[in-house]
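The values are calculated or read from the model by the stated rules, or taken from the named source; none is laboratory data. Just so it is clear, the model here is predicted, and its values are computed rather than measured. Cβ placement follows ideal geometry from the backbone for every residue including glycine, while neighbour counts extend to all protein chains displayed. We work out accessible area using only protein heavy atoms, side chains counted, and drop any ligands, DNA or RNA first. Shrake-Rupley method; radii C 1.70, N 1.55, O 1.52, S 1.80 Å.
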Amino acid sequence: LGVVLQRPDGQILSANPAAERMLGLSVAQMRGVTSVDPRWRAVHDDGSPFPGEIHPAMVALATGEPVLNVVMGVHNPQRDDLTWIRVNALPFRADATGGMQGVYAVFEDITARRRAEHEQRRLHRALRVLSDANLALFHAEDEQVFLHEVCRLAVEAGGYLMAWVGICLLYTSPSPRDPSLD
């Protein structure tokens, strides 16, 4: 688990080695940076921008309440790619006045899980199109209608941007080849 400690104003004070690996930055590079900094290039699960003001750590600091299980993608400069994390932000009060002392952002890397889920959805979609195409073949009245239906299924049911069906005619010799001719 990655752990980042942030001050009441959101500035990062410290991070553990797991956080450094997941975020692609050293503690020295993170120190003094806040979750609002646009260099994080964070995104929501749907790919839309994830403003720093609604980062779980910033919300926990503003409300004094924990913010749990928020999924976000954060740009990792070492890999020049997104690291997908599930974040829990836990504010803490350590002084006698009850004032906010900071927040711990604890997160796990869910990148591999997201990729596996994406691949599973892609394969399921392809299987659904194949199954629907088999049904269309069973009901087809002619080849042209069938091919049109397969393309329609690929786009509408499969979610593909476009579909094209080609017919490949293959002719093979009716008798075995003589290997000595090779």
Over the chain, what is the relative contact order in whole percent, taking alpha-carbon pairs under 8 Å and six or more residues apart?
-> 17 percent
Taking a probe of 1.4 Å and leaving out DNA, RNA and ligands, the chain shows per residue an accessible area in Å² of 66 Å²
Comparing Met58, Met100, Met162, which has the greatest mean-square fluctuation in the GNM of the chain with Cα pairs linked when under 10 Å apart?
-> Met162
Relative counts (whole %) of C-alpha pair distances in region 14-80, using bins that are 5 Å wide = 3, 17, 23, 29, 21, 6, 1
What is the magnitude of the charge dipole of region 56-133 about its Cα centre, with +1 placed on the Cβ of each Lys and Arg, -1 on the Cβ of each Asp and Glu, and no other charges, expressed in debye to the nearest 20?
-> 340 debye
Mind putting a number on the dipole of the chain about its Cα centre? Charges go on the C-beta only, +1 for Lys and Arg and -1 for Asp and Glu, and I need it in Debye to the nearest 20.
-> 700 debye
Along each of the three principal axes of the Cα atoms of region 78-134, give the extent in whole Å, ordering the values from largest to smallest.
-> 71, 28, 11
Using the Karplus curve 6.51 cos²θ - 1.76 cosθ + 1.60 with θ = phi - 60°, work out ³J(HN,Hα) for each residue of region 134-145 in order, rounded to whole Hz, and write x for Gly and Pro.
-> 4, 5, 4, 4, 4, 9, 5, 9, 8, 4, 4, 5
Overall Cα dimensions of region 54-95 - principal axes, largest extent first, Å = 39, 19, 13
Within region 1-62, DSSP-loop trypsin sites (Lys or Arg not before Pro) with at most 15 other C-beta atoms within 10 Å are Arg31, Arg41
Of the candidate values (1) 1.06; (2) 1.31; (3) 0.96, the one computed for Rg/Rh (Cα atoms, Kirkwood Rh) from this structure is (2)
Filtering chymotrypsin sites (Phe, Trp or Tyr not before Pro) in region 62-164 by DSSP loop and by at most 13 other Cβ atoms within 10 Å leaves Trp164
Local electrostatic count, Tyr160, Cβ distance below 14 Å [Lys/Arg +1, Asp/Glu -1] = +3
